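*Asks:* Dumping the structure here so I can ask a few things about it.
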């Protein structure tokens, strides 16, 4: 990847991908790997590359979500699950029903952008309305782990629940959901994949080093249901 600064002082990005001399490898790569460049008003370009496994329907996404998060009015998690489901509905509306099951690489995972998140049963803010990448959330909690765990036991218990658990798919979107409260105020210039569900597990696995490039390249891979065009 080549970075160049234009005459007006803003940064642009260009790059070349070499697929090698094998026609079959080149064809497979073209068919399965998708790169996306997104230009924001600030003229900063972000890229991500995901391995698109297949297109899926919104109904399949809902079925997966409801297995993990039953919308049960008698559950203590009812409110959280209900609103998570609403955010999926809104993401689906923005994407016009387009969803894909994808495999993520290490950089994509650390670049996932979280919208506003307060610790359960409190107003303590982990992620403010500006938003925060997983990389920055992990860095923050590494330096404030004991303090955060003591002040936010419910949130921390959800984070700890995922320790040593196998990877399960997370839910993302290619755009923030507009006009839907404080979570819509996330800065879209922070990245190009936006969290819809899976914050606690992503943080836990990030804290455990499972997304670091060397470890991740040798282990299991994280998949995601992603709404929007890729």
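The values are calculated or read from the model by the stated rules, or taken from the named source; none is laboratory data. Just so it is clear, the model here is predicted, and its values are computed rather than measured. Reconstructed Cβ throughout: ideal geometry from the backbone, glycine too, with neighbour counts over all protein chains shown.
*Asks:* Can you name every residue in the range 104-126 that is more than 19 Å from residue 174 (Cβ to Cβ) and in a strand (DSSP E or B)?
*Replies:* If the condition is that a residue be more than 19 Å from residue 174 (Cβ to Cβ) and in a strand (DSSP E or B), then 117, 118, 125, 126 are the ones that fit.
Table: residues versus (1) assigned to a helix (DSSP H, G or I); (2) under 25 Å from residue 54 (Cβ atoms); (3) out of contact with any strand residue (DSSP E or B) (no Cβ under 8 Å at 6 or more places or on another chain); (4) modelled with pLDDT of 95 or more.
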| residue | (1), (2), (3), (4) |
| --- | --- |
| 196 | no, yes, no, no |
| 216 | yes, yes, yes, yes |
| 226 | no, yes, no, yes |
| 230 | no, yes, no, no |
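*Asks:* Restricting to the range 120-131, give me the number of residues that are more than 19 Å from residue 194 (Cα to Cα) and touching a residue at least 12 places away in the same chain (Cβ under 8 Å).
*Replies:* Total satisfying the criteria: 4.
*Asks:* Another question, if that's okay. Filter the range 151-187 down to the residues that are modelled with pLDDT under 90, within 17 Å of the chain's Cα centre (by Cα) and in a helix (DSSP H, G or I) and list them by number.
*Replies:* 183, 184, 185
*Asks:* Further, regarding this structure: For residues that are in contact with a helix residue (DSSP H, G or I) (Cβ under 9 Å, 6 or more places away or on another chain) and surrounded by fewer than 17 Cβ atoms within 10 Å (Cβ to Cβ), scanning just the range 216-230, find the one that is nearest to residue 176 (Cα to Cα).
*Replies:* Residue satisfying both the conditions and the ranking: 229.
*Asks:* Within the range 131-147, identify whether any single residue is outside any strand (DSSP E or B), under 16 Å from the mean Cα position of the chain (by Cα), within 21 Å of residue 65 (Cβ to Cβ) and modelled with pLDDT of 90 or more, and answer yes or no.
*Replies:* Yes, some residue in the range 131-147 is outside any strand (DSSP E or B), under 16 Å from the mean Cα position of the chain (by Cα), within 21 Å of residue 65 (Cβ to Cβ) and modelled with pLDDT of 90 or more.
*Asks:* Turning to a different aspect of this structure: Of the residues that make up the range 139-160, is at least one in contact (Cβ under 8 Å) with a residue 60 or more places away in the chain and crowded, with 16+ Cβ neighbours inside 10 Å?
*Replies:* Scanning the range 139-160, I find at least one residue that is in contact (Cβ under 8 Å) with a residue 60 or more places away in the chain and crowded, with 16+ Cβ neighbours inside 10 Å, so the answer is yes.
*Asks:* What residue, among those in the range 54-77 that are at pLDDT 90 or above and touching a helix residue (DSSP H, G or I) at 6+ places or on another chain (Cβ under 8 Å), is farthest from residue 192 (Cα to Cα)?
*Replies:* Out of the qualifying residues, it is 62.
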